[in-house]
Amino acid sequence: MNAKQAKFARKALAIGVGAVLAVFVILKAVGGVGEQDPRARIQRLMAGIGAEIVDQPMTETQQTYVLELGPEKTFDLRQLPRDTVVFLNFWATWCKPCVDELPSMVGLRKTLEGRPFAIVAVSYDESWDDIAAFFTKWAGGMPTAEKLLVLRDPAAGEEKRRTLRETFGTRNIPDSYVILNGRVLARFVNARDWTDPSIVEYFQRLIPGP
C-alpha cells in the first residue's frame, strides 16, 4: 500500500468510526427521552406484562366492604395506607394457581422491602381454620401483616351475598389489582411470576418517592 492509499484508508476508517458514534449518540438520546417520561415507560411495561388499565376511584361499596382480619377482627379498604402502592390479590387455599403464585408474591414484597408497598391477600376460603392450617404447613404460621396482610371475605361460599371481588368485576381467582390512594390503577387477570424483572420494574416505577 502506497502513501496515497494509506491516507485514503485512514480517512475512510475515521468516517466509519464517526458514523458509528453518531448512531450511538442518537440512540442514547432517544432512550434518554423515554427514561425521562416515567408514565410512558410504565405504560410500555404494562403492555408487556399483561396489566389492564383501570384508572378509576374505588367505589363507596368497595371502600366500606367489611372484611375479616382474623376470626374476631374486621378491616375495610379505607384503612389502606396512603401514599403506598397496594397490591390487592383475591385468592384461596383450594385454588392451585393462587397457591403456586404465592411464593413469587412474597418474593416481590421482599424485593421492594423498605419501599411504600403492601400486599393484601383476600381469601375466599370458608373458614379461618382452613387459612391457618395452610399457612402453618406452608410457612410455619401466619405471615405478619407487613409481609402479607391476609384477610377473608365473609361472603365466601354464600350464594346470596355479593363478594368484594364481584364489586371489582372479578369472578374467577386469582385476580389482582393495583391501588394507590383510593384509586384502582390496574388489574392482573390470572396468576403471574411476580418476580419477573418487568413486573418488578413496573412496581418500582409506580411507587411514590425516590
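The values are calculated or read from the model by the stated rules, or taken from the named source; none is laboratory data. As the structure is a prediction and not an experimental result, all values here were calculated from the model. Cβ coordinates were reconstructed from backbone atoms using ideal geometry, including for glycine residues, and neighbour counts include every protein chain displayed.
When 150, 178 are screened for being part of a strand (DSSP E or B), β-branched (Val, Ile, Thr), buried (at least 19 other Cβ atoms within 10 Å of the Cβ) and in contact with a Lys or Arg (Cβ under 9 Å, 6 or more places away or on another chain), only 178 passes.
Among the residues of segment 94-103, are any closer than 18 Å to residue 195 by Cβ, in the same structural domain as residue 200 (by TED's automatic domain parsing), in contact (Cβ under 8 Å) with a residue 60 or more places away in the chain and surrounded by fewer than 15 Cβ atoms within 10 Å (Cβ to Cβ)? Yes: segment 94-103 contains one or more residues that are closer than 18 Å to residue 195 by Cβ, in the same structural domain as residue 200 (by TED's automatic domain parsing), in contact (Cβ under 8 Å) with a residue 60 or more places away in the chain and surrounded by fewer than 15 Cβ atoms within 10 Å (Cβ to Cβ).
From the list 82, 115, 109, the lone residue that is out of contact with any His (no Cβ under 7 Å at 6 or more places or on another chain), part of a loop (DSSP other than H, G, I, E, B) and surrounded by 14 or more Cβ atoms within 10 Å (Cβ to Cβ) is 115. Figure legend. Inter-residue proximity from segment 145-165: first residues closer than 19 Å to residue 63 by Cα and in the same structural domain as residue 110 (by TED's automatic domain parsing), second residues surrounded by fewer than 18 Cβ atoms within 10 Å (Cβ to Cβ) and charged (D, E, K, R), beta-carbon distance below 7 Å, spacing 6+ or different chains. Indicated pairs: 155/161; 155/162; 156/126. Can we say residue 195 is surrounded by fewer than 20 Cβ atoms within 10 Å (Cβ to Cβ), of a type in the set (S, T, N, Q) and either at pLDDT below 95 or over 11 Å from the mean Cα position of the chain (by Cα) (or both)? No; evaluated as a whole, the condition is false for this residue.
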